[in-house]
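Visitor: Got a structure for you, written out below as structure tokens; questions coming shortly.
The values are calculated or read from the model by the stated rules, or taken from the named source; none is laboratory data. If you're wondering where the values come from, they're calculated on a predicted model, not measured in any experiment. Note that we place each Cβ from the backbone using ideal geometry, even for glycine, and neighbour counts take in every protein chain shown.
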Amino acid sequence: MAIGLTWVVPAGSYSKLFYDSMSQKLQVTAPTGEINKLPADQKSLDALGININIGQFTNGSIRKPISIPDTYQRLPQAPMGIEDIAVSMVHGTIEGADIIVFILVLGGLIGVIKKTGAFNAGLIALSKKTRGKEFLFVALVSLLMAIGGTTCGIEEEAVAFYPILVPVFLTLGYDAIVCVGAIFLASSIGSAFSTINPFSVVVASNAAGISFMEGMGARIFGLVVGIIFVIGYLYWYAKKIKADPTFSYTYSDLESFKARYLSDDTHNHHIDFTLRRKLILLLFALAFPLMIWGVTIAGWWFPQMAASFLSIAIIIIFISGLNEKDALEAFTQGASELVAVSLIIGMARGVNIVLESGMISDTILAYASQLVSGMEGSVFAVAQLIVFFFLGLIVPSSSGLAVLAMPIMAPLADTVMIPRDIVVSAYNWGQYAMLFLAPTGLVLVTLQMLGIQFDRWIKFVWPVVVFMLLFGAALLVGQVMMLS
């Protein structure tokens, strides 16, 4: 479909602005490819009509090229061909190398821990302690993931939790969809109603030329309501499964889930939860707050996260007493189980490369900005939500869409006399409503990991998409009405 669009949608591009840290200058690249360098000062930004503090560029807060308003230019059509499918997937895999290495190292770490028997022993102990109050575990996982989403934007990193928590949920009598709800839905709801998430609301606010504290009250209110909705929806679904296991949307695949995620030893109640195994699980658990600290405080990204997971794997190998051969085989086996997931990431990124190479992403953005320009305040806010919903399919990266669209969309709020933070909120809520569905995002990765068919996922997630759009629209209209 992406290749077909490059034949139909007119090609075009905005001029792009980028801070070159080597020369310490602003670099403007015209749609036709000409490059012009400007002094890295506020005067240069003002002359370009960009209402962003120069410090956001020089301190690295804005790392990607941003679109310059009123510079869109039609270009000769650049349709992509069938031969570009494979090429774009290869380039997408190369671009996603940091995430792919992270996922493979994670798989290796999990493989080592499985070999020690720590997971199985822990699962048995957990299943004994949670009898009669199983949903409490689901609610706690959901709450923690939502907090992770709203504070540090846990999204790609969430794949680390699936191989661990799916066996837990199955042991407690639930299905894989409950696990996806507690991890993917909850973390995405947290990211949608971001408070201090540096990869969405912070970068979007910076690109809009405002402080990320603006609009915080509405986002906090939305976060509380969103968490309540997700946990309530999961409670309804989990209660249905407990009453009638055949209600599960993935009931026909339940046995294959169990065969994949529950080894025979899981049901062997003679596995001792020894001090060594407890220490191994403690080290594994510490990897995640360490990851969150690294992302939010220390400026880590996937290479650093992968290195931290690899370090913990090495420490666990020494503690476990595994010999070199067994440890290497366990690590390799664990990594191999996530190869398919890694390749899907490259394929998904390949779609975006096709749209960018065909030069239609900016055209779609230009048409969208013209569509909402000059509307009445409340209508404008809801229209922005809808626009960002569809842009989320074209650009599934939260930070990527922020730097692409916000310099164009945010100034339009000035023309209808509403604050720019409303556009930032519309971006968050609209894009994430789409990311629950978009095959160009993390959805396919998640479904591949758990063996869930896409149509069954749609059956489960559509009420959440409707909630995000209706509740988001109501919040936006409420904010605009409070201004009058």
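Visitor: What number of residues within the stretch 226-249 are part of a helix (DSSP H, G or I) and either among the charged types (D, E, K, R) or loosely packed, with under 14 Cβ neighbours inside 10 Å (or both)?
Guide: Quick first cut of the stretch 226-249, residues part of a helix (DSSP H, G or I) only: 226-243, 245-247.
Next, only the ones that are either among the charged types (D, E, K, R) or loosely packed, with under 14 Cβ neighbours inside 10 Å (or both) stay: 228, 232, 236, 239-240, 242-243, 245-247.
Number satisfying all stated conditions: 10.
Visitor: Would you mention how many residues in the stretch 407-427 are in a helix (DSSP H, G or I) and out of contact with any Phe, Trp or Tyr (no Cβ under 7 Å at 6 or more places or on another chain)?
Guide: 14
Visitor: Separate question: How about the stretch 393-416: which of its residues are surrounded by fewer than 22 Cβ atoms within 10 Å (Cβ to Cβ) and touching a residue at least 60 places away in the same chain (Cβ under 8 Å)?
Guide: Scanning the stretch 393-416 gives Ser399, Gly400, Pro411.
Visitor: Could you tell me which numbered condition Phe390 fails, if it satisfies all but one of (1) out of contact with any strand residue (DSSP E or B) (no Cβ under 6 Å at 6 or more places or on another chain); (2) crowded, with 19+ Cβ neighbours inside 10 Å?
Guide: Condition (2) is where Phe390 drops out.
Visitor: Do you know which residues across the stretch 12-43 are farther than 17 Å from Ile408 by Cβ and surrounded by 18 or more Cβ atoms within 10 Å (Cβ to Cβ)?
Guide: Tyr19, Leu26, Ala40
Visitor: Criterion first (buried (at least 19 other Cβ atoms within 10 Å of the Cβ), β-branched (Val, Ile, Thr) and assigned to a helix (DSSP H, G or I)) does Val480 satisfy it? Steps first, answer last, please.
Guide: Numbers: buried (at least 19 other Cβ atoms within 10 Å of the Cβ): yes; β-branched (Val, Ile, Thr): yes; assigned to a helix (DSSP H, G or I): yes.
Yes: the conditions hold for Val480.
Visitor: With the stretch 23-114 as the region, which helices (runs of 4 or more DSSP H) entirely inside it contain at least 2 residues that are among the charged types (D, E, K, R)?
Guide: Correct list: 42-47, 83-95.
Visitor: Filter the stretch 448-460 down to residues that are touching a residue at least 60 places away in the same chain (Cβ under 8 Å) and assigned to a helix (DSSP H, G or I) and give me whichever is surrounded by the fewest Cβ atoms within 10 Å (Cβ to Cβ).
Guide: My answer is Lys459.
Visitor: Regarding Ile231, is this residue within 29 Å of Tyr432 (Cβ to Cβ) and either free of Cβ contacts under 8 Å to residues at least 40 places away in the same chain or in contact with an Asp or Glu (Cβ under 9 Å, 6 or more places away or on another chain) (or both)?
Guide: Values: within 29 Å of Tyr432 (Cβ to Cβ): yes; either free of Cβ contacts under 8 Å to residues at least 40 places away in the same chain or in contact with an Asp or Glu (Cβ under 9 Å, 6 or more places away or on another chain) (or both): no.
Spelling it out, it is not the case that Ile231 is within 29 Å of Tyr432 (Cβ to Cβ) and either free of Cβ contacts under 8 Å to residues at least 40 places away in the same chain or in contact with an Asp or Glu (Cβ under 9 Å, 6 or more places away or on another chain) (or both).
This table checks each residue for (1) at pLDDT 80 or above; (2) in a helix (DSSP H, G or I).
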| residue | (1), (2) |
| --- | --- |
| Ser187 | yes, yes |
| Gly190 | yes, yes |
| Ser194 | yes, no |
| Val202 | no, yes |
| Ala207 | no, yes |
| Ser211 | no, no |
| Ile220 | yes, yes |
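Visitor: Looking at the structure I just gave you, is Lys128 surrounded by fewer than 20 Cβ atoms within 10 Å (Cβ to Cβ) and in a strand (DSSP E or B)?
Guide: Working: surrounded by fewer than 20 Cβ atoms within 10 Å (Cβ to Cβ): yes; in a strand (DSSP E or B): no.
Considered against the rule, which asks whether it is surrounded by fewer than 20 Cβ atoms within 10 Å (Cβ to Cβ) and in a strand (DSSP E or B), Lys128 comes out as no.
Visitor: Next question, about the same structure. Within the bounds of the stretch 51-68, is there any residue that is within 27 Å of the chain's Cα centre (by Cα), surrounded by fewer than 19 Cβ atoms within 10 Å (Cβ to Cβ), charged (D, E, K, R) and within 27 Å of Thr363 (Cβ to Cβ)?
Guide: yes
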